[in-house]
Amino acid sequence: MQKKILMHICCAPCFVAPFYRLRDDFDITGFWFNHNIHPVTEYRNRLECVKNFINQEKLEFICLDEYGLLSFMRKALLAEDNKCFNCYYDRLDKVASYAKSGDFDYFSTSLLYSKRQNHDLIKEIGFNIANKHGVEFFYQDFREYWQEGIELSKGKGMYRQRYCGCIISEMERNL
């Protein structure tokens, strides 16, 4: 019997390659909680794309459709020098909590796919949260599948965004 993994999905393009690499070894359930995404139209576009992929692949899916820009911004502004920490922490903490209560063997995140994320920080937070919740963090450096994910997402006509999702990263991209 396959081990069960609850996989946080930041967006479908970042999930597609890791999903295809993991599906033979794990019983995967997708998990959506991305309170940081701005504007709300971007949030909806990304969620709709994830739902389409989930339906195509007939995956189980937990969707916490909570647009939380204000709470995200309060934390991000207080920790301006380390704005990504709270964002990663909140999302990984939420997925780990659900993984523990849902009797999953592991939790992980598609954030580990992106070359634009702070990979070492995600990894550190993941292992710390695993200890907090008593459920294992599945770590794999999915960046090696970067080009494969780009090709797969384009081939599937997925909505592809140009920034990580938060208003701060959108500002940095536009500057």
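Since every read-out is calculated from the coordinates, none of them should be taken as a lab result. If you're wondering where the values come from, they're calculated on a predicted model, not measured in any experiment. No Cβ is skipped: glycine too gets one built from the backbone with ideal geometry, and neighbour counts run over all protein chains shown.
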At least 27 Å along the helix axis (C-alpha) and Kyte average at least -1.0, DSSP helices within the chain: 83-101
Rh by Kirkwood over Cα pairs, then Stokes-Einstein D for the range 1-82 at 1.567 mPa s and 4 °C, µm²/s: 94
Within the chain: Cβ-based charge dipole about Cα centre, in debye rounded to nearest 20 (Lys, Arg +1; Asp, Glu -1): 360
Neighbour-count order for Ile150, Ile5, fewest beta carbons within 10 angstrom listed first: Ile150, Ile5
Contact order relative to length of the range 3-174, as percent, for alpha carbon pairs under 8 angstrom and 6 or more apart: 31
Neighbour-count order for Ile37, Ile9, Ile122, fewest beta carbons within 10 angstrom listed first: Ile122, Ile37, Ile9
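Place the peptides 20-26, 125-131 in order of packing, highest mean first, counting for every residue the other Cβ atoms within 10 Å and averaging per peptide.
Working: 20-26: 14.3, 125-131: 18.6.
In decreasing order of mean packing, 20-26, 125-131 become 125-131, 20-26.
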Cα-derived Rg to Rh of the range 3-174, Kirkwood definition: 0.93
Dipole in debye (nearest 20) - the range 8-91, about Cα centre, beta carbon charges: Lys, Arg +1; Asp, Glu -1: 160
